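The values are calculated or read from the model by the stated rules, or taken from the named source; none is laboratory data. Just so it is clear, the model here is predicted, and its values are computed rather than measured. Every residue, glycine among them, receives a Cβ derived from its backbone with ideal geometry; neighbour counts consider all protein chains shown.
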């Protein structure tokens, strides 16, 4: 039984170039576009989080992959399967880029938590787990409520939510990403004690 390589490259000396067979071309286009769009998505997220140096570094690889993939597609523009591979690669790349960003969990989250006043021990419990908490009493439709604001690294947000839900399963929680913050316990704790 003879083994055939997955990618076979056919050289065409008459044209002085290298051509991939049709299936390999489709696979290469899809994979290159997945890589390109994943890098693009991560770069945009890094720019939004003011990580300029890393975003600039990633953009060099991004544009290289983009130009290579586009060159293959434009060289074989009459093949509808190439265009389909390009589009599928684009969609998969967006999904993969978002998944990678979620895995990296860059940045911070601010959680505003509203609970019944009976859960007044919750701020202390959150502090015991290493989070800074600012809390105050507010008036809700059914009486007094305890409102807390907590800043956490995004990588710790899931743990914090589990902690809150274990104590106050009916808690109303809003989570958002702060653009900037300065000073206070939060800054010292999150940045390793530096003011």
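Tabulated data
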read-out	value
Residues being in contact (Cβ under 8 Å) with a residue 24 or more places away in the chain and within 11 Å of residue 33 (Cβ to Cβ) - total across the stretch 49-83	7
Strands (runs of 3 or more DSSP E) contained entirely in the stretch 92-189, each with at least 3 residues that are surrounded by fewer than 16 Cβ atoms within 10 Å (Cβ to Cβ) and more than 28 Å from the chain's Cα centre (by Cα)	132-140, 143-153
Near pairs, Cβ below 6 angstrom, 6+ apart or cross-chain, from the stretch 10-33 (over 16 Å from residue 89 (Cβ atoms) and in the same structural domain as residue 88 (by TED's automatic domain parsing)) to any residue that is at pLDDT 85 or above and surrounded by fewer than 10 Cβ atoms within 10 Å (Cβ to Cβ)	none
Subset of the stretch 45-57 that is at pLDDT below 90 and in a helix (DSSP H, G or I) - its residue that is surrounded by the most Cβ atoms within 10 Å (Cβ to Cβ)	46
